[in-house]
Every structure is written in C-alpha cells, then in structure tokens.
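Below is one structure, written out as structure tokens, with a few remarks after it.
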Amino acid sequence: MAIRVQREDFDAGAEIRALGGNPKIGAVASFIGLVRDENDGSAVAAMTLEHYPGMTEKALAGIVAQAESRWEVLGCTVIHRYGELKPADQIVLVVVASGHRGDAFAACEFIMDYLKTQAPFWKKEQTPQGARWVEARGTDDRAAERWRGKEPDAA
C-alpha cells in the first residue's frame with residue numbers, strides 16, 4: 001500500500017506500472033480525479049485543497065485497510081494533492097491491483113467513495129463571485145452509504 005499526500009503532480013502511468021510484477025495480479029483498476037472549470041453553475045478559475053497532515057494519511061490508510069478486508073487487494077496506491085490547482089489539473093489517483101477485475105473495480109470505487117466523505121480535505125474554489133468553500137455533497141454521502149453492510153460479490 002502506498003499513500004501519499006503531496007503538492008506535486010503525479011504520473012498515473014508510472015504509478016500503475018509500479019504495482020506490476022506480481023504474477024497473481026490479473027486486474028488493475030484506476031481512477032483519476034481532475035479539477036473542473038465549473039461547479040454549481042459558476043466558473044472555477046482555481047481550487048485550493050487543504051488537509052490535516054498526519055491525520056489525512058491515517059484516514060486514507062484506514063480506508064484502504066477497509067477495502068483490503070472486503071476484497072482481494074494485491075496492491076494499492078492512493079495519491080491526493082493539496083495546494084492550488086487549476087482546471088484540468090490532476091487531484092487524486094486511486095490504483096487497485098487484484099487477481100480479478102470485480103475486486104479491483106469494487107475496491108477502487110469504494111476507496112474513492114470513502115475518500116470523498118471521510119478523508120480530512122477542504123476545498124476552496126476561486127470563482128468570478130469570489131472565493132467559496134466547497135460544501136459536502138449528499139450524493140457523496142449516498143455513494144459511501146451504499147457500501148455499508150454490503151459484502152463483496154464472489155469473483
């Protein structure tokens with residue numbers, strides 16, 4: 001498991017390749033989150049992400065550990081950026097390696113859903129109307145809630 005919270009951009013291809021080498025891996029699923037140029041009907045010129053150092057990494061490791069307890073996870077990388085980002089910049093990368101695609105897809109989606117609701121990140125957008133903090137979304141909460149009590153399907 002690799003968890004990194006960093007200002008620097010990342011090379012998704014290199015991170016995916018870094019999980020290779022294990023002959024038990026049959027599938028790798030990944031997700032890359034990007035900064036949009038619009039949110040809630042307003043143009044977004046930039047977004048600043050803040051986090052709580054130490055606590056953030058611990059929260060991300062806990063989320064990955066939950067995924068590892070539910071699905072066959074043979075490798076996992078989570079990278080989340082902080083600082084000022086512009087539209088089209090990469091924000092987050094989740095890569096999950098598994099023996100089977102179902103486990104890889106499910107664990108990747110689970111990690112993203114929980115990251116959005118449980119990791120201590122705060123987002124501030126720069127819009128033509130001024131700076132505004134991004135509020136938690138009910139859709140993110142519902143996405144995370146759907147995993148509660150669900151056991152993974154057999155691969």
Sole residue being more than 11 Å from the chain's Cα centre (by Cα) and not in a strand (DSSP E or B), chosen from VAL64, VAL73: VAL73
Qualifying residue in segment 35-56 (condition: within 17 Å of the chain's Cα centre (by Cα), modelled with pLDDT of 95 or more, under 24 Å from ARG148 (Cα atoms) and of a type in the set (A, V, I, L, M)): yes
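The values are calculated or read from the model by the stated rules, or taken from the named source; none is laboratory data. Owing to the predicted nature of the structure, the values given are computational and were not obtained by experimental measurement.
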